[in-house]
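Right, one structure below, let's go through it.
The values are calculated or read from the model by the stated rules, or taken from the named source; none is laboratory data. Nothing here was measured: the structure is a model prediction, and the numbers come from that model. Neighbour counts run over all protein chains shown; Cβ positions are idealised from the backbone, glycine included. SASA here: full protein model, heavy atoms, side chains in, ligands and nucleic acids out. Shrake-Rupley method; radii C 1.70, N 1.55, O 1.52, S 1.80 Å.
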Protein chains: 4
Amino acid sequence: METVTAAPPVRIGIIGVGRIGRMHAELLSRQVAGASVAAVQDARADSAREVGRALDVPVAASAAELLAAGDVDAVAICSSTDTHAGLIVEAARAGKAIFCEKPVSLDLGEVDLALAAVREAGASFQVGFNRRFDPGHQSVREAVARGEIGEVHLVRISSRDPAPPPLAYVKTSGGIFLDMTIHDFDMARYVTGSEVVDVHARGAVRIDPGFAEAGDVDTAVVTLEHANGCLTAIDNSRQAVYGYDQRVEAFGSLGMATSENPPAHTGVVRTASGASASVLPYFFLERYLPSYVREWEAFVAAVEAGETPPTTAADARAPLVIGLAAWRSLRERRSVRVDEVEAA
Amino acid sequence: METVTAAPPVRIGIIGVGRIGRMHAELLSRQVAGASVAAVQDARADSAREVGRALDVPVAASAAELLAAGDVDAVAICSSTDTHAGLIVEAARAGKAIFCEKPVSLDLGEVDLALAAVREAGASFQVGFNRRFDPGHQSVREAVARGEIGEVHLVRISSRDPAPPPLAYVKTSGGIFLDMTIHDFDMARYVTGSEVVDVHARGAVRIDPGFAEAGDVDTAVVTLEHANGCLTAIDNSRQAVYGYDQRVEAFGSLGMATSENPPAHTGVVRTASGASASVLPYFFLERYLPSYVREWEAFVAAVEAGETPPTTAADARAPLVIGLAAWRSLRERRSVRVDEVEAA
Amino acid sequence: METVTAAPPVRIGIIGVGRIGRMHAELLSRQVAGASVAAVQDARADSAREVGRALDVPVAASAAELLAAGDVDAVAICSSTDTHAGLIVEAARAGKAIFCEKPVSLDLGEVDLALAAVREAGASFQVGFNRRFDPGHQSVREAVARGEIGEVHLVRISSRDPAPPPLAYVKTSGGIFLDMTIHDFDMARYVTGSEVVDVHARGAVRIDPGFAEAGDVDTAVVTLEHANGCLTAIDNSRQAVYGYDQRVEAFGSLGMATSENPPAHTGVVRTASGASASVLPYFFLERYLPSYVREWEAFVAAVEAGETPPTTAADARAPLVIGLAAWRSLRERRSVRVDEVEAA
Amino acid sequence: METVTAAPPVRIGIIGVGRIGRMHAELLSRQVAGASVAAVQDARADSAREVGRALDVPVAASAAELLAAGDVDAVAICSSTDTHAGLIVEAARAGKAIFCEKPVSLDLGEVDLALAAVREAGASFQVGFNRRFDPGHQSVREAVARGEIGEVHLVRISSRDPAPPPLAYVKTSGGIFLDMTIHDFDMARYVTGSEVVDVHARGAVRIDPGFAEAGDVDTAVVTLEHANGCLTAIDNSRQAVYGYDQRVEAFGSLGMATSENPPAHTGVVRTASGASASVLPYFFLERYLPSYVREWEAFVAAVEAGETPPTTAADARAPLVIGLAAWRSLRERRSVRVDEVEAA
């Protein structure tokens, strides 16, 4: 038999192959046209070896080794949050295009240092707010952008995880507003195209007292006021037992646009007792798979075209500020203006 | 031909036959089994005559005449809000069963006087929170009451009118939180079975600057905290151009229950451009007709059985207090505890 | 108090107040603007007296008395099928506008005599194919008529009753194709605007062996070919335990239009086991109430305007011919052309 | 960097990499756990080289070379229909597990020879009726198998392609009943678990007169009668401009189970003109991607376990017989019993 080879794709090195990093590695090696996995690396060498074996790709001994490799065009930073900012700086200096999982950092000063390094290097940079690439959520943004629903008056986001994360994770994650609601803060900015100026957050511990011990809440309602006058209402829970509940809705002067939950499948059974249908997709990978693939396609297309990826450095920073304001609001039981956090 | 007569129903006199009063008169005369319209009355004699003619029922010259009539078992108080409390007192003293449109009054002292008169007379009293009788919303309450969704953590209510009321109405109605959101405050109490203890309201004028001139807002987001720890998020608009948008959702430890909008009809057209379906029912009568009929059936059944109607005096009062707290929250840009209003 | 009277409506006498006649009487007396019930009559005097008492309307001793009354503008013929044709002839001669429940007769010769009498008298005549007035089904017809789905290629109708009729009824009703599928034959003509030229029917007894004893089937699939080349597929069951299942769909060169089942209410509960929703409306009155009201509104409007009602004599006759062809097809296990029945 | 290798999967050689074969090759190399593509081959060497290059897999010069290779555990036969039977025989003799796209052949004698070879070799054999693995359709089968809907009385299948195939394809494909409806014949057997005994087919040319010239139809309605008395109604079109319309429904004594179309995404826009939503997924790969992946997972699991794959030789044969009966029914304008075709 004759062996032939494919044209060279964008070669991506993956730093951190825990749950999310491994998913990115698998998508990039199997489902993203124009991309390949150049290497994987993880602080836990065993994890890196396992993923390397499964995907048949090289394993780098350290992030530095991976960043130094000539056959790595871009890096996906999927390691723990506290390492993100430093790795961004190093990757920018190494001349790599950079994809970084959210959040860049829990510390605004660190974020600013990292983004400054990106700016100085002129690096392509994209933050992992994958939900912007969900076809349903995107259709809401597009309806707004095309003027189909007029001027936006209200946004409503329900965002509920199927199961809580380990409490150990919560202790370092920045808590619900920085590890979970941050996606919704991003979505509110994305859908409206308007910055957030004021935050009111209310939270409760209803699922597990461990959240209280960790200084966190597991249930929350947040009200945002945008620069253009729009109001956004977000509700969150760490545990929706019926599946991953993710809905976004924009309401305006000419109508509304909404992104509903897809069912796990479209079967329905009707009996004398009523109708029954499937649960929602349970896991983030099931629910958001198309968004992850499309997120990578956008990154790869931008890198190949030498253009700025669609989710920018500003998009990486703003939701963090909103999250910090939400924590302050919750603790001080009052509305907090975003510029209070900026000024701090 | 031979003429036969029907068995005597509960005979109801209607005080005030503006839009809502006329609707009640028509329902009672045509669609509510066991009820009849004994007489109608309105401060505008022309209105009363027109409705009397259309329904072939007697017209009373005054509320006093109607309340004095021996063939009137119960009254429906549908006149302007400022007359409600006084009429409740008079009707209670006249020994009538009382149905009163919401709100009883914008003044808490007046409410308390009226409800005291009801209590003293031992009168049957029901306030017009018809949405409790909507089959969809009721199914949400029942899912909670049966424990199907476990302990309730979050309630989410979207309540958007198809078109704004006249500004003249707004100036005397108590504004959005007392003429519109008051239904949602009632719904939050109804669905959770738990009192509200804390209110945060944020509002905006996005539809018509006239609302600002009237001291009102036309767009609002309200967060409620309940005694049982549940959080409720409400969003309101005075103008949903796509129809009357009314959704209620309860989320809990074992699942969620939701009441979606019905379409005006079930037809769907699919072409190469996508799928299109009907608007929502536009008018409150289309959307809530079954709730109004069922509301009256519950009242009539309670009157006939000599029992307390299902929506009580406490249910008439509590949403008003929440609404007053919402106004204070909006004006003072802070969360307001309900007992602050009580203490005032 | 002062008594005033309403303007004169179209006064309708109802012949036959069994289940369907009583429903018409109640709708006409309560929900159809511009109509009133002038009198009711039934072969069973007790039934007539009960309905007369409930609605407070006179009871006629015989159909002849009712037809002779000067204060009766129109008649609703709701008695047993075998009396329809004769009553149509008498009503036409008495100068009344005529509404007749389907079918006019099971005998084509009788139908032709009755329709000839209508024609000679120049009477307003409407047959009770109420489903044409269902807003969902009507939206399918309108999508076709407006050309939104292009040329119609396929029609698909599922029509399943919630519970079988008494076997005694089946024995005189003409069987499934003349008492039940006849609505679907009408719908196929209505939606496509094209006559049926060829029929293939297949049936089975799956619910109750009594249907076989009565010479009937309880489950059927019928294929129709229309003059314009469109094919229609109908499926029927006498017993859909999950409610009254009524769906109509037209498919064409530019798209499709469909009328789905409405739920009994819009509540949905989601748990870890999946989603559950309400049954379908169970009874024909719940499902088709708006269609009955709108059917009467169309009749009343036509009578008042002196115009031909929208569902004509031809519409009364054609589905019967198709039904007779369906029975022949089932029995002879072959396709039957409609003109074979006409020629017989 | 260190290179590690994965555990050996089931190595599959793909014969024929036209549209469907290439899709299988891509799925097997990227998304099916436990499988790899060992080699590809195509009568058109260019096609094989292109796919080999894209997937980085060897290209075999001939089917014989591929079947002789020691590192090929199983073959996927995706070449033109006329080559299927011969390749099955060769693959069975070469000791390979066999996956064959439908249909095995248009000639019943050839099918029987091929299946005999499979039987003699004791080969694992699966035919490509992927729709059995669609989660929605499968949920219908499971509801029937678990008895949730009781005894099955009716099955209703709408199966409409988004766009017609090239007429050149139609001329050799066996026409609509053998290249398209054959999936629905399989689905009817799968859902009911009962063989088909009688077929009535009606067809029309509504889309393109070229179908008539090719001896085919582009629009069809087929009625099946099953051994257990159930009736199945199928409607087909070669061109649903609104997307790939694929619905399966089983109706029984205790309820119904249905598999609805998924939308391309879940976004909905509501304006004063009504609601609009996305088209259906347009292409078979979008619509049925999960079914293809799951089909392969079932095959791989069966091969690894040494068990009979779930879609058997009998499943490969029966739909062809039904399709031949459908053609006879259409041509002779009568119902045709399946055993007439068997006897021929």
(Q) farther than 30 Å from A:GLY210 by Cβ and among the aromatic types (Phe, Trp, Tyr): which single residue out of A:PHE283, A:PHE299 fits that description? (A) A:PHE299
Q. Take the residues of region C:250-277 that are part of a strand (DSSP E or B) and more than 7 Å from chain B (Cβ to nearest Cβ): which is nearest to the chain's Cα centre (by Cα)?
A. C:ALA250
Q) Of B:ALA97, B:ALA116, which residue is out of contact with any Cys (no Cβ under 7 Å at 6 or more places or on another chain) and in contact (Cβ under 8 Å) with a residue 40 or more places away in the chain? A) B:ALA97
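When you check D:ASP71 against the structure, is it part of a loop (DSSP other than H, G, I, E, B), charged (D, E, K, R) and more than 20 Å from the chain's Cα centre (by Cα), yes or no?
yes
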Q: Kindly indicate which of A:ALA163, A:ALA145, A:ALA168 is within 14 Å of chain D (Cβ to nearest Cβ), surrounded by fewer than 19 Cβ atoms within 10 Å (Cβ to Cβ) and out of contact with any Cys (no Cβ under 7 Å at 6 or more places or on another chain).
A: A:ALA145
Q. Out of all the residues in region B:10-30, is one or more touching a strand residue (DSSP E or B) at 6+ places or on another chain (Cβ under 9 Å), surrounded by fewer than 24 Cβ atoms within 10 Å (Cβ to Cβ) and in a loop (DSSP other than H, G, I, E, B)?
A. no
Q: Quick one: which residue in D:VAL32, D:VAL59 is under 25 Å from the mean Cα position of the chain (by Cα), at pLDDT 90 or above and within 13 Å of chain A (Cβ to nearest Cβ)?
A: D:VAL32
Q. Among the residues of region C:36-46, which ones are more than 10 Å from chain B (Cβ to nearest Cβ) and surrounded by 24 or more Cβ atoms within 10 Å (Cβ to Cβ)?
A. C:VAL37, C:ASP42
Q) Taking the stated definitions as given, is A:ARG247 buried (at least 24 other Cβ atoms within 10 Å of the Cβ) and more than 8 Å from every other protein chain (Cβ to nearest Cβ)? A) no
Q.
Would you confirm whether or not region D:212-226 contains a residue that is assigned to a helix (DSSP H, G or I) and surrounded by fewer than 23 Cβ atoms within 10 Å (Cβ to Cβ)?
A. yes
(Q) Going residue by residue through region C:80-91, is there one that turns out to be within 12 Å of another protein chain (Cβ to nearest Cβ), open to solvent by 10 Å² or more (accessible area, probe 1.4 Å) and touching a residue at least 40 places away in the same chain (Cβ under 8 Å)? (A) no
Q | Of all residues in region D:250-275 being polar (S, T, N, Q) and over 30 Å from C:ARG206 (Cα atoms), the one that is most open to solvent (accessible area, probe 1.4 Å) | A | D:SER273
Q.
Every residue in region C:278-291 that is part of a helix (DSSP H, G or I), within 12 Å of chain B (Cβ to nearest Cβ) and either open to solvent by 10 Å² or more (accessible area, probe 1.4 Å) or among the hydrophobic types (A, V, I, L, M, F, W, C) (or both), please.
A. C:GLU286, C:ARG287, C:LEU289, C:PRO290
Q: Looking at (1) of a type in the set (D, E, K, R); (2) assigned to a strand (DSSP E or B); (3) within 12 Å of chain B (Cβ to nearest Cβ), find the lone condition where C:ARG49 falls short.
A: (2)
Q. Is it the case that C:ALA69 is of a type in the set (Gly, Ala, Ser), open to solvent by less than 20 Å² (accessible area, probe 1.4 Å) and either within 14 Å of chain B (Cβ to nearest Cβ) or touching a Gly at 6+ places or on another chain (Cβ under 6 Å) (or both)?
A. yes
Q: Considering only region C:227-249, state which residues are aliphatic (A, V, I, L, M), assigned to a strand (DSSP E or B) and within 26 Å of A:THR271 (Cα to Cα).
A: C:ALA233, C:ILE234, C:VAL248
Q. Does region B:132-142 hold any residues that are open to solvent by less than 10 Å² (accessible area, probe 1.4 Å) and over 15 Å from the mean Cα position of the chain (by Cα), and which are they?
A. B:GLY136, B:VAL140
(Q) Considering only residues that are at pLDDT 95 or above and in contact with a helix residue (DSSP H, G or I) (Cβ under 8 Å, 6 or more places away or on another chain), which ones fall in region C:298-314? (A) C:ALA298
Q: Consider only pairs whose beta carbons are under 6 Å apart and that are at least six residues apart or on different chains; among these, list those whose first residue lies in region D:322-344 and is closer than 19 Å to D:VAL104 by Cα and whose second residue is open to solvent by less than 70 Å² (accessible area, probe 1.4 Å) and aromatic (Phe, Trp, Tyr).
A: D:ILE322/D:PHE185; D:GLY323/D:PHE177; D:ALA326/D:PHE177; D:TRP327/D:PHE177
Q: For region B:193-247, enumerate the residues that are aromatic (Phe, Trp, Tyr) and in contact with a helix residue (DSSP H, G or I) (Cβ under 6 Å, 6 or more places away or on another chain).
A: B:TYR244
Q | Qualifying positions in region B:74-85 - touching a Leu at 6+ places or on another chain (Cβ under 8 Å) and part of a strand (DSSP E or B) | A | B:VAL75, B:ALA76, B:ILE77
Q: Report whether or not A:TYR190 is of a type in the set (Phe, Trp, Tyr), open to solvent by 10 Å² or more (accessible area, probe 1.4 Å), closer than 30 Å to B:VAL205 by Cα and touching a residue at least 24 places away in the same chain (Cβ under 8 Å).
A: yes
Q | Among the residues listed as C:ILE234, C:ILE207, the single one being open to solvent by less than 10 Å² (accessible area, probe 1.4 Å), on the phi < 0 side of the Ramachandran plot and at the interface with another protein chain (Cβ under 9 Å from one of its Cβ atoms) | A | C:ILE234
